[in-house]
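Trainee: Below is the structure I would like to discuss, written out as structure tokens.
The values are calculated or read from the model by the stated rules, or taken from the named source; none is laboratory data. Predicted, not measured: the structure shown is a model, and the values here were computed from it. Neighbour counts run over all protein chains shown; Cβ positions are idealised from the backbone, glycine included.
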Amino acid sequence: MADGHSRMNLQVNQEGRLRHLLDIAGLGSDRVVEILDTADSLLPVSQRSVKKLPLLRGKTVINLFYEPSTRTRMTFELAAKRLSADVLNLDIEHSSARKGESLIDTLRNLEAMHMDMLVVRHPESGSAHFFARHAAPHVTVLNAGDGRHAHPTQALLDVFTIRRHKPDFSKLTVTIVGDIMHSRVARSQIAALRALGTGEIRVAAPRTLLPAGMEHTGVRVFDQLEPALEGADVVITLRLQRERMQGAHLPSEAEYFRYYGLTAARMRLAQPDAIVMHPGPINRGVEISPEVADGAQSVILEQVTNGIAVRMAVMALTMGARGPAAAPGEPA
Amino acid sequence: MADGHSRMNLQVNQEGRLRHLLDIAGLGSDRVVEILDTADSLLPVSQRSVKKLPLLRGKTVINLFYEPSTRTRMTFELAAKRLSADVLNLDIEHSSARKGESLIDTLRNLEAMHMDMLVVRHPESGSAHFFARHAAPHVTVLNAGDGRHAHPTQALLDVFTIRRHKPDFSKLTVTIVGDIMHSRVARSQIAALRALGTGEIRVAAPRTLLPAGMEHTGVRVFDQLEPALEGADVVITLRLQRERMQGAHLPSEAEYFRYYGLTAARMRLAQPDAIVMHPGPINRGVEISPEVADGAQSVILEQVTNGIAVRMAVMALTMGARGPAAAPGEPA
Amino acid sequence: MADGHSRMNLQVNQEGRLRHLLDIAGLGSDRVVEILDTADSLLPVSQRSVKKLPLLRGKTVINLFYEPSTRTRMTFELAAKRLSADVLNLDIEHSSARKGESLIDTLRNLEAMHMDMLVVRHPESGSAHFFARHAAPHVTVLNAGDGRHAHPTQALLDVFTIRRHKPDFSKLTVTIVGDIMHSRVARSQIAALRALGTGEIRVAAPRTLLPAGMEHTGVRVFDQLEPALEGADVVITLRLQRERMQGAHLPSEAEYFRYYGLTAARMRLAQPDAIVMHPGPINRGVEISPEVADGAQSVILEQVTNGIAVRMAVMALTMGARGPAAAPGEPA
């Protein structure tokens, strides 16, 4: 728990307010609820004729992406712009990182430019924590996905979407289907579902895609899809990384779909009013059949909409909890 | 005409106002004139000290480019920014489209992000219509070039430029020179010139670059340049795609210039006050001689300036004719 | 001096105000001081909660980079955005320049789009002067580095940083260490230090990286580092371009560090209160030891902060000295 405690300290300031968003673990259910409540109040902004709030006016937000992800980058960029921030996209391939600059040098330089918020995606687990640990008091770090570790805004938008349909988590059975082992999304979803007291959390995957020892974490583990779907209120399918196909993990996409693809027939095992989720982009016919992806139970596009509101909420909350602006331009 | 009719319905809302801009065909001359008149009133904005109007404040414009085109993308971006919109550039090469996402999935996701306007360039003919056909009521689609089909804003800026010099189209002879067969620009220019009742429209090109059956469309077809220039009031040269050189279509750039290059000597066949146009970027010494491109009759740079005013006009008109903002974030 | 004079005319308008920033040479010490004083007044803007001034509202700034440089591009972009300008980044690799468009065509097209300011980086010496010589009266050109020639905003931020620590340049000994021969930074720094009447300017480099005849320019030349550091008040290390290693210029990075690396031991030869500078990104263990780069005497991160204030100052001053806005959209 020492680790969880230090993580919490990193994410929360002395008054208990959200400083960085790195990981759902250690965030605490009060803070998860606070983010969801704030997102509820920000959701209508994107539906207005003038989609703008002045909350981050004159602030500098840097999207620092060491892995390409158009969709995630766009939703952070839109969230920041709708809060009136100035946004700069820093793509690793064109950056001085190629010239061998270290993470700490990159951080110090961006701080010296008086950035206010760093949205970071990086292929290595722990990189967002690294940035937060070394960040100046006036800088907020948001984790947009670090290695196999965490993708907290995705998990928050997922539980936000569930809550808008099924507010009482204690009564819910939520089934997560897919590559649990390599998925930072699954890891963060489970933490968020736990923080909200979800009745039962299930995961279903081929044995080769299930991390060892998961049974001991309170999650029900299935290596077949059908029993995992029985009576489920929420079914979350994960994106299958096609790179995994090349390895020994999976025989083929067709084979995967045959045993783990979410079809209309299989969905009949779940509750009649169960909702279907997917973080996108969808591989139709691999993780999910087109009729389910586009069917009445699917809330996949709501997830995209909600993702902007949740990111706006996290930005608004963390900006209010920052330290005083430093003055690195002053001579020592 | 059924096709033209359905196209018109797609581009115009129930009150007869411009909803999308996909194609000059089916737009109707009233609407073309309305766009040009609006562009006239917006032209001074870019000449002011503060080049800003608040018309699109708080709106989200997405430049979705599946083909690279710095210049076209920039003029749309500047038009949107001068109307105070938030603009996001989505370059296909870095996007999830690489991961195999379909056009419809891309559209649905951008809609779920509450974009207001999609500016799309795509190598396949009909793709802009596809997006407009499937777009939500609150989304406007602008065609920035689809395959060999249409490039309506280019044609509108061309007729706008002509009108500022020679307002009475019925008296004009307009000659278009170059690769008519593969040119979406030529196709849209001819439609726009027709909508404005141009006296005589001529095309001149090597036989291999002339589409079959063009004689039957009311356009005068020439396979030699000189007679096509005689008495012309406006001469439009098209950009020669160098890729065509590799194929059997053309012998060489030097050969092309020898027979179809617009030189000062040839321009003496046209009216003394004829104007010379080119959509850019120019291949000097291929389609046109430097002295003509940079000479007193050239209005090529005015076309660039006018292109921003015309795009601002189309953005302003379509935004006023959209349906109500949807609320995809709401549970069903 | 005729050359210096014509340069001055290019950079300064008839009232003697800054029109373009191309080169420190010919700028005159009054104008250097004016820029530094303006930067002093703009430095607090980036430390405020709302980092915005409306000075460039409704202006269009184009970052035209023919060489990649994330850091320099970002600081210009942030400077422009904090002055409320609209900024477009034009990356050569995706631009029509690939299609063979000439510099003059690019300039004319950007002018026709009513850009107000062109920030240009180009691998060829003299390219910024070229743009300024041909620019329309309403366009300002800022040199962000041209070949081996000049990098004036870097030099200005360097002397700005020195002045904030040691205001009386006449009493200072400033030592520049590294690849003097190929460095536009060194060239501009020497000009800026001279304009401010610096007591003694020294350069230190291996003989292969020293331009011939430098002794005759009033700069003290050393081919060994230690004597060049003795009594220095300011030590500026230059970035070593690793490309040089491949050529005959240098034996190896380790060898370079052994003889020219700035270590704590060597810094003891300088004044006890000497400051250490580097334009970044740093190659630790090549030009400088980590303990010096991150030590108490280092002002390297202040340079980054100051770079934004200096660029804002140059933008603000040049915008006030432009000619009247042209009206290229008007028929001739």
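Trainee: Out of all the residues in the range C:22-38, is one or more farther than 30 Å from B:Gln47 by Cα and of a type in the set (S, T, N, Q)?
Mentor: Yes: the range C:22-38 contains one or more residues that are farther than 30 Å from B:Gln47 by Cα and of a type in the set (S, T, N, Q).
Trainee: I'd like to check something: does the range C:279-286 contain any residue that is aliphatic (A, V, I, L, M), under 18 Å from C:Arg202 (Cβ atoms) and assigned by TED's automatic domain parsing to the domain that holds C:His182?
Mentor: So far as the range C:279-286 goes, no, none of its residues is aliphatic (A, V, I, L, M), under 18 Å from C:Arg202 (Cβ atoms) and assigned by TED's automatic domain parsing to the domain that holds C:His182.
Trainee: Can you name every residue in the range B:131-180 that is farther than 26 Å from B:Tyr256 by Cα, without any contact (Cβ under 8 Å) to a residue 40 or more places away in the chain, surrounded by fewer than 19 Cβ atoms within 10 Å (Cβ to Cβ) and not charged (D, E, K, R)?
Mentor: Hits for the range B:131-180 are B:His134, B:Pro167, B:Ser170.
Trainee: Another question about this same structure. In the range C:123-172, which residues are outside the structural domain of C:Glu34 (by TED's automatic domain parsing), touching a Phe, Trp or Tyr at 6+ places or on another chain (Cβ under 9 Å) and of a type in the set (A, V, I, L, M)?
Mentor: Result: C:Val159, C:Ile162.
Trainee: Do we have A:Leu103 as in contact with a Phe, Trp or Tyr (Cβ under 9 Å, 6 or more places away or on another chain) and modelled with pLDDT under 95 here?
Mentor: Values: in contact with a Phe, Trp or Tyr (Cβ under 9 Å, 6 or more places away or on another chain): yes; modelled with pLDDT under 95: yes.
The answer is yes for A:Leu103.
Trainee: Tell me which residues, restricted to the range B:280-310, are touching a residue at least 60 places away in the same chain (Cβ under 8 Å) and either of a type in the set (Val, Ile, Thr) or touching a strand residue (DSSP E or B) at 6+ places or on another chain (Cβ under 8 Å) (or both).
Mentor: B:Glu287, B:Val299, B:Gln303, B:Val304, B:Thr305, B:Ile308, B:Val310
Trainee: May I ask you to list the residues in the range B:12-48 that are under 30 Å from C:Asp116 (Cα atoms) and out of contact with any strand residue (DSSP E or B) (no Cβ under 9 Å at 6 or more places or on another chain)? Break it down stepwise before answering.
Mentor: Narrowing the range B:12-48 to residues under 30 Å from C:Asp116 (Cα atoms): B:21, B:34-48.
Matches in the range B:12-48: B:Leu36, B:Asp37, B:Thr38, B:Ala39, B:Asp40, B:Ser41, B:Leu42, B:Leu43, B:Pro44, B:Val45, B:Gln47, B:Arg48.
Trainee: From the list C:Leu238, C:Leu301, pick out the single residue that is crowded, with 16+ Cβ neighbours inside 10 Å, in contact with a Lys or Arg (Cβ under 6 Å, 6 or more places away or on another chain) and at pLDDT 90 or above.
Mentor: On the way: C:Leu238 fails: in contact with a Lys or Arg (Cβ under 6 Å, 6 or more places away or on another chain).
The conditions single out C:Leu301.
Trainee: Examine the range A:308-322 for a residue that is facing chain B (nearest Cβ under 10 Å) and under 30 Å from A:Leu56 (Cα atoms), and state whether such a residue exists.
Mentor: Scanning the range A:308-322 turns up at least one residue that is facing chain B (nearest Cβ under 10 Å) and under 30 Å from A:Leu56 (Cα atoms).
Trainee: While we're looking at this one, here's another question. Out of (1) within 29 Å of A:His165 (Cβ to Cβ); (2) within 16 Å of the chain's Cα centre (by Cα); (3) at pLDDT 90 or above, what's the single condition that is false for A:Leu83?
Mentor: (2)
Trainee: Does A:Val221 satisfy the condition of being touching a strand residue (DSSP E or B) at 6+ places or on another chain (Cβ under 7 Å) and either touching a residue at least 40 places away in the same chain (Cβ under 8 Å) or within 12 Å of chain B (Cβ to nearest Cβ) (or both)?
Mentor: It is false that A:Val221 is touching a strand residue (DSSP E or B) at 6+ places or on another chain (Cβ under 7 Å) and either touching a residue at least 40 places away in the same chain (Cβ under 8 Å) or within 12 Å of chain B (Cβ to nearest Cβ) (or both).
Trainee: Inspect the range B:179-198 for any residue being in contact with a Phe, Trp or Tyr (Cβ under 6 Å, 6 or more places away or on another chain), β-branched (Val, Ile, Thr) and either part of a loop (DSSP other than H, G, I, E, B) or under 23 Å from B:Val292 (Cα atoms) (or both) and give the result as yes or no. Outline the logic, then answer.
Mentor: Here is the first cut: in the range B:179-198, the ones in contact with a Phe, Trp or Tyr (Cβ under 6 Å, 6 or more places away or on another chain) are B:196-198.
Applying the additional criterion that residues be β-branched (Val, Ile, Thr) yields B:198.
From what's left, either part of a loop (DSSP other than H, G, I, E, B) or under 23 Å from B:Val292 (Cα atoms) (or both): B:198.
The answer is yes; a qualifying residue exists.
Trainee: Give me the pairs, please: first residue somewhere in the range A:249-269 and assigned by TED's automatic domain parsing to the domain that holds A:His182, second residue anywhere and aromatic (Phe, Trp, Tyr) and assigned to a helix (DSSP H, G or I), beta-carbon distance under 8 Å, and either six or more positions apart or on two chains.
Mentor: A:Leu250/A:Tyr256
Trainee: Something else: Quick one: which residue in B:Ala270, B:Ala309 is in a loop (DSSP other than H, G, I, E, B), out of contact with any Asp or Glu (no Cβ under 7 Å at 6 or more places or on another chain) and among the aliphatic types (A, V, I, L, M)?
Mentor: Residue meeting the stated conditions: B:Ala270.
Trainee: Still on this model: Return a yes/no flag: does the range A:214-224 have any residue that is surrounded by 14 or more Cβ atoms within 10 Å (Cβ to Cβ), in the same structural domain as A:Asp294 (by TED's automatic domain parsing) and farther than 16 Å from A:Met181 by Cα.
Mentor: No; the residues of the range A:214-224 include none that is surrounded by 14 or more Cβ atoms within 10 Å (Cβ to Cβ), in the same structural domain as A:Asp294 (by TED's automatic domain parsing) and farther than 16 Å from A:Met181 by Cα.
Trainee: Sort out which residues of the range B:282-307 are facing chain C (nearest Cβ under 7 Å) and in contact with a Gly (Cβ under 8 Å, 6 or more places away or on another chain), and write them in order of number.
Mentor: Of everything in the range B:282-307, those that are facing chain C (nearest Cβ under 7 Å) and in contact with a Gly (Cβ under 8 Å, 6 or more places away or on another chain) turn out to be B:Glu302, B:Val304, B:Thr305, B:Asn306.
Trainee: Being within 15 Å of the chain's Cα centre (by Cα), closer than 20 Å to B:Ala316 by Cα, among the β-branched types (Val, Ile, Thr) and crowded, with 23+ Cβ neighbours inside 10 Å: is that true of B:Val120 here?
Mentor: yes
Trainee: Working only within the range C:146-193, note down all residues that are β-branched (Val, Ile, Thr) and over 16 Å from the mean Cα position of the chain (by Cα).
Mentor: Hits for the range C:146-193 are C:Thr173, C:Val174, C:Thr175, C:Val177.
Trainee: Limited to the range C:273-306, what total is found for residues that are part of a helix (DSSP H, G or I) and over 30 Å from C:Arg17 (Cα atoms)? Working first, answer last.
Mentor: Just the residues of the range C:273-306 that are part of a helix (DSSP H, G or I), to begin with: C:290-293, C:300-306.
Next, only the ones that are over 30 Å from C:Arg17 (Cα atoms) stay: C:290-293, C:300-301.
Residues flagged as part of a helix (DSSP H, G or I) and over 30 Å from C:Arg17 (Cα atoms) within the range C:273-306 amount to 6.
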